[in-house]
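Structure record follows, encoded as structure tokens.
No lab work stands behind these numbers, since they all come straight from the coordinates. The model shown is predicted, which means the values in this text are computed figures rather than measured ones. Every residue, glycine as well, gets a Cβ built from its backbone with ideal geometry; the counts of neighbours run over all protein chains shown.
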Amino acid sequence: MKEKIAEYFFLICSLISIGAVALICFFIFRGAYPAVQTVGLWPFLTGGLWKPTDIPPLFGIFNMIVGSVYVTAGACLIGVPVGVFTAVYMAKYCPQKIYAGMSQLVSLLAGIPSIIYGFFGMMLIVPFIADNFSGNGNSVLAASIVLGVMVLPTIIKVSEVSLKAVPKTYYEGALALGATKEQSIFFVLIPAAKSGILTGIVLGIGRAIGETMAVVMVAGNANILPETIFKSVRTLTANIVLEMGYASGTHFDAIVATGAVLFVFILLLNLVLGVINKGSKTAGT
Amino acid sequence: MEKILYFVFAAGVSLFFNVSCGGNVNNEITVISREESSGTRGAFDELIKISDGKINMLFREAIIVSSTDEAAFKTEVDKRAIAYTSIGSVTGKIKTLAVDGVEANEENVKRGAYKIFRPFVAGVPGSGSSPLARDFISYLVSRQGQKIVVTAGYIAPNDEASVYSASGLAGKLTLSGSTSVEKIMERLKEEYVKFNPDVKVEINYTGSTAGIKDCLSGKSNIVMSSRAFKADEKEKLEGYAFALDAIAVIVNKNNPIDEISSEMVTKIFKGEIRSWSDVK
């Protein structure tokens, strides 16, 4: 009997989280439907003009989809190498003394609220880009740098765990065969921990694409297709948060639909994650 | 291994120098505006003719910020920035430009010389509004109410207001509307409740347009709008301007310019003029 009670209790808990996902899914797509019906799916996804208060209004989010992709790709370019190499350092090079402190600091990085990252970007990175490069600093580059730093903890933690989970024999075997430390790490250890590292990266991408506050503060949010990385960009999340408070009618529905598009992106990422984890049953997952 | 590291390093260095040498020390204007549905932007766009009521012609590369304070901050850190903000939000860290030779201040707004301003309007449905709602509005435009408007940093439209005395009414009052009015309305509410302790005032900040809808559908008793009512709204709502808010054109402290023509402001915000060297 006692076991049954515990089982039901756990079942209810898991139902709560599953129910939440289902509810969000249901409401976001139901909310998005009227806008897609009014505007049309194709014009909505491929339209380059977002002018919700014009008469007649225009709702096209193509620039923002591209914006989100650019900024996320930029964040990966910065965050992935730094994150993975940091994980390598922490797993294989780091002296015990430094390790505790460093691990703490990485955790702290994960705990910093995104608005603080935004301030940091607005006060430091944006003026730096404006002074040293072209444009006014509110740019794809600024957003990429801020997001690149924000995804670090996710990538570092997951990669480090998976690197450490690779059986010691792999590494020692490589050394015994005469490989240097670097060769062992890059040609044996990292490939063996591949799926874990990829999981970290995909989780990082998820964080980058969904990040809002920090991006709004540094990206400039102009609704254009940026030609260079020094141009301003508006992401899907920025579009939602900027206009949510005031919107009504079709405008509101279109913003919910923007959220639905973002949701599809996240679903796709999870699908990729599923494929990665299924495809390789090697060590480190 | 060293080869790989060396290559990455070299590529990074060359990329950096390429980009930084290509980067120009330019004089390009950073145009800063607000999101489409902001009340401040609506008023500004209309007053400087960025919008003709139908099509908005704001420069497409303009930076969009989500609040008045952010506009001020971005102007503070960017030497080439131009933005606009409610006069109540201007600090010593930015420079306010005189437009067509007229400073943005209370006196100039009142005598009609400074044209870029908007009213804060409280409205009730033309028919079927409650006595309580009317009493609250009569407090807003009274001498006591107007005094609070001034201490909050805005301009009182009504110099010869009559003195308000407690009505003794009781009940619940719901207000909805502009977020820009929040700072001033909270104070007014506090003082009003002191006069009439039996009245409960509830305020929802939903934005001007949403507030108007709420009021017309009966969800709220009074709408607070940070722009004047449009023609079709005027037919259904009775509006009372209880405060005026000048919209200041602001630039960085280090900008040598002190005044600007309204025509130039329009051209800058439309993106027709892109460089400070062309601003006369």
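What to note about this one:
- Reach of A:Lys231 by Cα under 18 Å, taken over lysines that are not fewer than 8 positions away in the same chain: B:Lys74, B:Lys79, B:Lys270
- Looking at the protein assembly as shown, the pairs of alpha carbons with a distance over 45 Å make up 29% of the total.
- Shielding value for A:130-142 is 5, the average number of Cβ atoms from other chains within 10 Å of each residue's Cβ.
- Relative contact order (%) - criterion: Cα under 8 Å, at least six apart; region: chain B: 30
- The mean sequence separation of alpha-carbon pairs under 8 Å and at least six residues apart, normalised by the residue count of chain A, gives a relative contact order of 27 percent.
- Rg followed by Dmax, in Å, when the range A:130-224 is reduced to its Cα trace: 18.8, 57
- Dividing the C-alpha radius of gyration of the range B:62-158 by 2.2 N^0.38 Å, with N its residue count, gives 1.36.
- DSSP beta bridges fully contained in the range B:118-245 are about 55 percent antiparallel.
- Peptides ranked, highest mean first, by Cβ atoms within 10 Å: ranges A:5-17, A:171-183, A:92-104, A:224-236: A:224-236, A:171-183, A:92-104, A:5-17
- Convex hull volume of the Cα atoms of chain B, normalised per residue: 180 Å³.
- Under 15 Å of direct C-alpha separation, and excluding same-chain neighbours fewer than eight residues apart, A:Lys181 reaches these aspartates and glutamates: A:Glu172, B:Glu2.
- Close amide-amide hydrogen proximity is noted between B:Leu173 and B:Lys200, B:Val201, B:Glu202, each under 5 Å apart and 5 or more residues distant or on a separate chain (H modeled in the peptide plane; Pro and chain starts excluded).
- For the listed peptides B:178-189, A:48-59, a ranking on the average number of other beta carbons within 10 Å per residue, highest first, reads B:178-189, A:48-59.
- Remark on the range A:43-89: Rg and Dmax equal 17.3, 57 Å (Cα only).
- 5 angstrom amide H check on B:Ala81, placed H, neighbours 5+ away: B:Thr30, B:Asn252
- For A:238-245, mean number of other protein chain Cβ atoms within 10 Å: 4
- Remark: the range B:130-138, residue by residue, has Karplus-estimated 3J(HN,Hα) of 7, x, 4, 4, 5, 5, 4, 5, 5 Hz, where x stands for each Gly or Pro and the curve is 6.51 cos²θ - 1.76 cosθ + 1.60 at θ = phi - 60°.
- A quarter of the convex hull surface defined by the alpha-carbon atoms of the range B:118-245 gives 6.8 nm² as the mean projection.
- Shape metrics for chain A, restricted to C-alpha atoms - Rg then Dmax, Å: 22.1, 74
- Entries in B:Lys49/B:Lys147; B:Lys189/B:Lys219; A:Lys4/A:Lys278; B:Lys183/B:Lys253; B:Lys110/B:Lys236; B:Lys183/B:Lys213 that, when Cα-Cα distance is taken, lie over 29 Å: B:Lys49/B:Lys147; A:Lys4/A:Lys278
- If R0 is taken as 25 Å, the Cβ-Cβ distance between B:Val163 and B:Ala228 corresponds to a FRET efficiency of 0.40.
- Peptide A:53-65, shielding by other chains (average Cβ, 10 Å cutoff): 2
- With the simple model of a label 7 Å out from the Cα in the direction of the Cβ, A:Asn132 to A:Val264 spans 3.9 nm.
- Cβ crowding within 10 Å averaged over residues, with B:215-221, A:109-115, A:211-217 ranked highest first: A:211-217, B:215-221, A:109-115
- Note on the protein assembly as shown: antiparallel DSSP beta bridges, both residues inside, total approximately 60 percent of the bridges counted.
- Isotropically averaged projected area of the range B:32-85, using the convex hull of Cα atoms (one quarter of hull area), nm²: 3.5
- Sequence of A:Met90, A:Met123 once ranked by neighbouring C-beta atoms within 10 Å, starting from the fewest: A:Met123, A:Met90
- In order along the range A:199-215, phi translates into HN-Hα couplings of 4, x, 5, 5, 4, x, 4, x, 5, 5, 6, x, 5, 10, 4, 4, 5 Hz, rounded to whole numbers, per the Karplus curve 6.51 cos²θ - 1.76 cosθ + 1.60 with θ = phi - 60° and x for Gly and Pro.
- For the range B:120-187 versus the range A:119-198, the gap between their alpha-carbon centres in whole angstrom: 58
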